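Since the structure comes first, as structure tokens, the remarks are kept for the end.
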Amino acid sequence: MKEAQAKITILMATYQRTQMCERSILSVFAAIEQSPSSDFDLVIGVNGPDRETEAMLTRLRKHKFGGLVHIHLGSQRQTPAACRNELLQFTRGEWIYFLDDDAYVDPDFFQKFTANPLRGTCVAIGGPNLNPPESDFFQMSCGQALASRFATYFSSARYTPRGPLRLCSEEALILCNLFVRRDVLNQDSFLETLISAEENWMLQTLKLQRHQFSYDPYLYVWHERRPNMAAFVRQVFKYGFGRGQLFRRRPGIFHWAYAVPLFCLLYTVALIATLPNGSLPSPLWLIPFPLYAALCLIFAAAQRNLASAVLFPVIHVSYGWGLFLGIFRG
């Protein structure tokens, strides 16, 4: 049976990542060429002064793809949420595909989307973001750690194909790889004060309107991981801070699973703060620490990558601290 034509706008915000952004766009061009049954355009927003990226986009538009439109969003940086809200006014597709500038797709990517049997009933469809094959050991380890239920629980399906094609909640979807129907979006779909998790706000709003979402494990992108520990800590902290901002604004959506890293962090801090003159507390209070270390080793061994045993506490501490500040200062 012939697939129904889909009108798709690819929407991307970028800033000073010219080489990765060009790689992403060229992968989209290749996928468009393999999807003649669909109609495409690209809207790229440059989020701040960035002459190198502007020149690259002008060159690609002239020589590669006439449907590429790039918009300079001003001399001042905006939050990613504000940037995407502004870019939405330039879109014309029935579906908006949000892709990060450091992610790229396979040539059959859009064919997978148009073949999705839930496309007629769901307003948001997404899949995981995976480690690029060229990743170094640290980047590969970060991706593996994020894909563990022990590290990210609800959200682990964002980082590895998990389960079948199915209806899902917002926790399984991520904005670096997400299709959303244009008719459910407006100029303030993304809460502009959020520094992260803006897609979760948008999807929660749609869920309150009784819309459905789909997770497709085969609809994956390759997503560049952070190059070093400092950048990785900042990334996970930002995830936690964004989730804390959400809980501050919508307390009703709080779930105990997100609070576990925060509880463990506060437990550790409280234990250290109550040490009288450097003496050790009762051994019973220390039992959680060897148990946690054992769990880190068990889950790292299950991945056959002991580096995860170090990255698990980094994820939990960074996320927990971000969550705390997002709730109380966000």
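The values are calculated or read from the model by the stated rules, or taken from the named source; none is laboratory data. Everything numeric in this text was worked out from a predicted model, so none of it was measured. Here the Cβ positions follow ideal geometry from the backbone for every residue, glycine too, while neighbour counts run over all protein chains shown.
Tabulated results
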quantity	calculated
Odd one out for residue 19 among (1) without any contact (Cβ under 8 Å) to a residue 24 or more places away in the chain; (2) touching a Gly at 6+ places or on another chain (Cβ under 6 Å)	(2)
Top-ranked residue of the range 95-115 - restricted to ones that are within 11 Å of residue 7 (Cα to Cα) and either modelled with pLDDT under 95 or aliphatic (A, V, I, L, M) (or both), ranked as surrounded by the most Cβ atoms within 10 Å (Cβ to Cβ)	96
Residue list for the range 287-305, restricted to those being among the hydrophobic types (A, V, I, L, M, F, W, C) and not in a loop (DSSP other than H, G, I, E, B)	289, 291, 293, 294, 295, 296, 297, 298, 299, 300, 301, 302
Residue that is in the same structural domain as residue 317 (by TED's automatic domain parsing) and basic (Lys, Arg), where the choices are 234, 248, 210, 181	248
Criterion: outside any strand (DSSP E or B), over 17 Å from the mean Cα position of the chain (by Cα) and over 15 Å from residue 100 (Cβ atoms) - qualifying residue of 154, 232, 138	138
Residues satisfying the stated conditions in the range 27-53, i.e. touching a strand residue (DSSP E or B) at 6+ places or on another chain (Cβ under 8 Å) and over 18 Å from residue 119 (Cα atoms)	27, 28, 32, 41, 42, 43, 44, 45, 46, 47, 50, 53
Unique residue being at pLDDT 90 or above, assigned to a strand (DSSP E or B), at negative phi and surrounded by 20 or more Cβ atoms within 10 Å (Cβ to Cβ) when the list is 25, 44	44
Among (1) farther than 29 Å from residue 26 by Cα; (2) polar (S, T, N, Q); (3) modelled with pLDDT of 95 or more, the one test that residue 169 misses	(3)
